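Colleague: Structure provided below as structure tokens; questions to follow.
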């Protein structure tokens, strides 16, 4: 005899995820807060020859060399020079650490996983796989990035 009480379903409906939201120009993005190691003020990076245009260079992070990626350029947005509110978000990815420059950190969002909507099918412009979901917060839409797609293994090796 089966009962209607399914624990996995009730857990699925109640699960939440915390996201760190930030701005790049007029666009708002977010990443899973569990991948964020720290947020640092903007530090000028040492450029390296033959690095891709979206790699600022490297910085010294407590004795370790940290590659810094301009996330706006990586996402194909118009390049802007770092400003006084620019920050570097240090991300822990699968067996590697990468810094990404953004214009400003906005908020920490706690959202239900049900509120996360899949992105619409996009043309093969190369950037469609960067967004893993969309959420509506009040009157704005926030894109949730797939960090492994945006910063695949080897991105920092290019630096």
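Colleague: If I filter the range 1-33 down to residues being assigned to a helix (DSSP H, G or I) and modelled with pLDDT under 95, which single residue comes out as surrounded by the most Cβ atoms within 10 Å (Cβ to Cβ)?
Modeller: Ranking the qualifying residues of the range 1-33, first place goes to 12.
Colleague: Scan the range 93-122 for residues that are in a loop (DSSP other than H, G, I, E, B) and surrounded by 14 or more Cβ atoms within 10 Å (Cβ to Cβ) and jot them down.
Modeller: 103, 116, 119
Colleague: Also: If residue 90 passes every condition in (1) buried (at least 17 other Cβ atoms within 10 Å of the Cβ); (2) touching a helix residue (DSSP H, G or I) at 6+ places or on another chain (Cβ under 9 Å); (3) more than 16 Å from residue 27 (Cα to Cα) but one, which one does it miss?
Modeller: (2) is the only condition that residue 90 fails.
Colleague: Please go through the range 57-86 and give me each residue that is part of a loop (DSSP other than H, G, I, E, B) and farther than 15 Å from residue 22 by Cβ, ordered by number.
Modeller: Those that are part of a loop (DSSP other than H, G, I, E, B) and farther than 15 Å from residue 22 by Cβ: 62, 63, 76, 78, 79, 81, 84.
Colleague: Pairs under 8 Å by beta carbon, first residue within 23 Å of residue 26 (Cα to Cα) in the range 131-159, partner surrounded by 18 or more Cβ atoms within 10 Å (Cβ to Cβ) and at pLDDT below 85, six or more apart or different chains?
Modeller: none
The values are calculated or read from the model by the stated rules, or taken from the named source; none is laboratory data. This is a predicted model, so every value here is computed, not measured. Neighbour counts run over all protein chains shown; Cβ positions are idealised from the backbone, glycine included.
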